[in-house]
Amino acid sequence: MGLQWASAQVEPKRQFRWTFQFPGDGAAEILPTWIVKAAAKPKFSVTESSHKYLNHTFYYPGRVEWEEIQITLVDPVSPDASAGLYGLLRASGYDDPRDQAEGPMRTISKYASNAVIGNGVLSQYNQLGTLADVWTLNNMWIKSVDFGSLDYENDDLVNIELTIRYDWATLGG
């Protein structure tokens, strides 16, 4: 093969050429791609089973388990990502105790959560701006939200940290 990296025709994938989309009902307006500051790519691990025989241990692959990922958003004034995320929580089925007076309490469901935010789409681009990879996070839902912190001595932007859970990822390009 030789020194492939020495060729000008070889272009590696770069960390800054990507977008993340929440394509669900209403989520695209609440969480536009330009507020997504950082995103982890999908990760999986394979469980293992062992079999012991006399002095030996033999290992066998088990199930594939997709791991949670972290996404960082910048919280703009408009669209207000904090208010939008709280609205997505409510649309997923969350009722706070004040809602009990208005009727039966609802609970969050995977179906409603996924319908609201959709299957996440992480797109990577090459140097020409065309798609290199497209990851789809199937049956995605937001597991946790950290709305950031405030500090009078800091002029940084307010970030929101999301933990995303999904059932499996698919890679297309």
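The values are calculated or read from the model by the stated rules, or taken from the named source; none is laboratory data. Predicted, not measured: the structure shown is a model, and the values here were computed from it. Backbone-built Cβ (ideal geometry, glycine too); neighbour counts: all protein chains shown.
Among residues of the range 59-100 being of a type in the set (D, E, K, R) and in a strand (DSSP E or B), the one that is surrounded by the most Cβ atoms within 10 Å (Cβ to Cβ) is Glu65. When you scan the range 86-103, do you find a residue that is within 30 Å of Pro12 (Cα to Cα) and at pLDDT 90 or above, even just one? No, every residue in the range 86-103 fails to be within 30 Å of Pro12 (Cα to Cα) and at pLDDT 90 or above.
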